[in-house]
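The values are calculated or read from the model by the stated rules, or taken from the named source; none is laboratory data. Worth saying up front: this structure is predicted, and the values here are computed from it rather than measured. Cβ coordinates were reconstructed from backbone atoms using ideal geometry, including for glycine residues, and neighbour counts include every protein chain displayed. Side chains included, ligands, DNA and RNA excluded: accessible areas come from the protein's heavy atoms. Shrake-Rupley method; radii C 1.70, N 1.55, O 1.52, S 1.80 Å.
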Amino acid sequence: LQADDWLKAFEKMLDIAQCNDREKVLYASGRLEGSGSDWWDSYTGAHANPATITWLEFKNHFKSHHIPAGVIKLKKKEFLSLKQGSMTVSEYRDKFIQLLRYAPEDVADDEKKQELFLEGLNGGLQYQLIAHTFSSFQKMVDKALVLEHKRRELEGRKRKFNRPGQSSSSTRPRLPMPQGPQQRTGMQ
């Protein structure tokens, strides 16, 4: 997955530099080191005309060599089964976005992305959000963040009010206990 991260980061730099297709191949191949450089030398050595290698061809062959299909399948499975669990909504969102690149067909549109995100949320948040329709994934996430914040705020108040060791009777006046019938002692 480091190779995938490297390719993704490098592609961003190439887009910022506004490189053409050939320049992208030259710059990226020039930055390869170790096994990446060995792969490139082998690939160009076996290619009929290395000068015609396009960026798309470079990316596809780089990925197929350095990022095994089995790893992609595992990451897709991890994405599709992702649950919030003990993560905050922010942590869950970040993990969701990190993994969604391995299942692009499963989040082809915003509605599918919202549906998968919602399914992974904890029950309380899911219940509060399910009845609403959101115009975008981001709006749904924003609402989940607000709800989570409000819930934590209320839980904090509740804990403060019910602090352990603090007797509720210390804040209220004590009323005398009603006395029952006098017990007989045997003396008259």
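Looking across Val89, Val71, Val141, one residue alone is under 30 Å from Trp40 (Cα atoms) and either at pLDDT below 95 or touching a helix residue (DSSP H, G or I) at 6+ places or on another chain (Cβ under 9 Å) (or both). It is Val71.
Restricting attention to the stretch 82-94, the residues that are crowded, with 18+ Cβ neighbours inside 10 Å, assigned to a loop (DSSP other than H, G, I, E, B) and charged (D, E, K, R) add up to 0. No other residue among Phe79, Phe62 is within 13 Å of the chain's Cα centre (by Cα) and part of a helix (DSSP H, G or I) apart from Phe79.
Among the conditions (1) open to solvent by 50 Å² or more (accessible area, probe 1.4 Å); (2) under 26 Å from the mean Cα position of the chain (by Cα); (3) without any contact (Cβ under 8 Å) to a residue 40 or more places away in the chain, the only one that Ala46 does not satisfy is (2). The set of residues in the stretch 1-43 that are under 26 Å from the mean Cα position of the chain (by Cα), surrounded by 11 or more Cβ atoms within 10 Å (Cβ to Cβ) and aliphatic (A, V, I, L, M) comprises Leu1, Ala3, Leu7, Met13. Restricting the first member to the stretch 92-115 and to residues that are over 22 Å from Asp4 (Cα atoms) and in contact (Cβ under 8 Å) with a residue 12 or more places away in the chain, and the second to residues that are in a loop (DSSP other than H, G, I, E, B) and open to solvent by 30 Å² or more (accessible area, probe 1.4 Å), the beta-carbon pairs closer than 6 Å and six or more apart or on different chains are Asp110/Ser136.
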